[in-house]
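Here is the structure we will look at, set down as structure tokens.
The values are calculated or read from the model by the stated rules, or taken from the named source; none is laboratory data. Worth saying up front: this structure is predicted, and the values here are computed from it rather than measured. Here the Cβ is made from the backbone with ideal geometry for all residues, glycine too, and neighbour counts use every protein chain on show.
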């Protein structure tokens with residue numbers, strides 16, 4: 001339940017009407033772009049994942065967890081991942097200096113938070129995923145990430161909640 005706070009009372013807010021996912025995502029990316037950036041370029045990159053890429057990543061994840069979790073759990077994970085309507089892969093530029101890399105990572109995660117909050121204001125749910133799959137070389141190949149220049153930070157899932165009557 002969403003709550004609105006005023007000085008005297010907390011009360012439920014009426015549910016927002018779900019926004020068009022494409023329009024909401026554009027506005028969310030604008031929210032990240034509007035963030036103050038040190039240096040010439042923002043350190044983050046957003047990769048909007050196509051359906052065939054999402055399927056390949058879901059399959060890769062299932063293969064990675066199968067040895068430890070078993071075939072049933074891997075199949076359940078695959079099915080869950082395939083049901084997610086929207087995917088954005090978030091990367092951060094790589095630098096040699098560890099302190100600078102930590103600062104860039106923090107800015108990348110702040111951009112993710114801005115995107116998530118922007119989507120939330122439009123009744124678009126999000127989930128942040130940092131599973132083992134984002135460390136896989138095959139993941140980089142599927143998405144088309146240049147591992148020399150960028151490091152995968154995570155996956156932002158997004159979409160409208162299913163309505164249950």
Task: Scan of region 120-139 for residues that are touching a helix residue (DSSP H, G or I) at 6+ places or on another chain (Cβ under 8 Å) and surrounded by fewer than 18 Cβ atoms within 10 Å (Cβ to Cβ), ordered by number - done: 125, 128, 131, 132, 136, 138
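Residue-wise test of (1) modelled with pLDDT of 95 or more; (2) over 16 Å from the mean Cα position of the chain (by Cα); (3) surrounded by fewer than 19 Cβ atoms within 10 Å (Cβ to Cβ).
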| residue | (1), (2), (3) |
| --- | --- |
| 45 | no, no, no |
| 67 | no, yes, yes |
| 72 | yes, yes, yes |
| 90 | yes, no, no |
- [ ] Have a look at 32, 54 and point out the one that is modelled with pLDDT under 90 and within 22 Å of the chain's Cα centre (by Cα).
- [x] 32
Open item on the list: Go through (1) within 28 Å of residue 20 (Cβ to Cβ); (2) surrounded by fewer than 14 Cβ atoms within 10 Å (Cβ to Cβ); (3) modelled with pLDDT of 95 or more; (4) out of contact with any strand residue (DSSP E or B) (no Cβ under 9 Å at 6 or more places or on another chain) for residue 142 and report which single condition fails.
Closed with: (2)
Task: Of all residues in region 131-146 being without any contact (Cβ under 8 Å) to a residue 60 or more places away in the chain and over 13 Å from residue 47 (Cβ atoms), the one that is nearest to the chain's Cα centre (by Cα) - done: 135
- [ ] Determine if region 96-119 includes at least one residue that is surrounded by 16 or more Cβ atoms within 10 Å (Cβ to Cβ), more than 17 Å from residue 45 (Cα to Cα) and touching a strand residue (DSSP E or B) at 6+ places or on another chain (Cβ under 7 Å).
- [x] yes
